[in-house]
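Please read the structure below before turning to the comments.
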Amino acid sequence: MKPLYALGMIETVGYCAAVSAADAAVKAADVKIAAIEKVIGVQGALGVTLHLSGDVAAVASAVEAGKKEAERVGTVISSHVIPRTHSNVAERLLSAFTLASANQRDQEE
């Protein structure tokens, strides 16, 4: 996995809020969805964390737009931007949650 310039995270309750946040984020700025993390949390609610990558200004803008949209649709637990993310974060923490490319999905089918 290549190093990220900045890492933005939006943590929501529910998948609908997460998808809405992702859509707004990638429309608002030149960022990529680096990973998505889904966990069953307190009282059985689905927690979804989106991981966005790009340059610092773009990620900050995308996180703000995504957070605003997720709040409109559902519940946001937290959001945060880490500028100049260390390569170990991407290699060790995000690798378990990276999205499969279209080619990988086609091969799995």
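Under the combined filter of DSSP loop state and at most 15 neighbouring Cβ atoms within 10 Å, the range 1-93 retains these trypsin sites (Lys or Arg not before Pro): R84. Net charge of the neighbourhood of A65, taken over other residues with C-beta under 12 Å away and scored Lys/Arg +1, Asp/Glu -1, is 0. Estimated translational diffusion coefficient (Stokes-Einstein, Kirkwood radius over Cα pairs, 10 °C, 1.306 mPa s) of the range 9-100: 122 µm² per second.
Bear in mind these aren't lab numbers, they're just calculated from the coordinates by the rules spelled out. None of the values given here were measured: they were computed from a predicted structure. Positions of Cβ are generated from backbone atoms using ideal geometry, with glycine treated the same way; all protein chains shown enter the neighbour counts.
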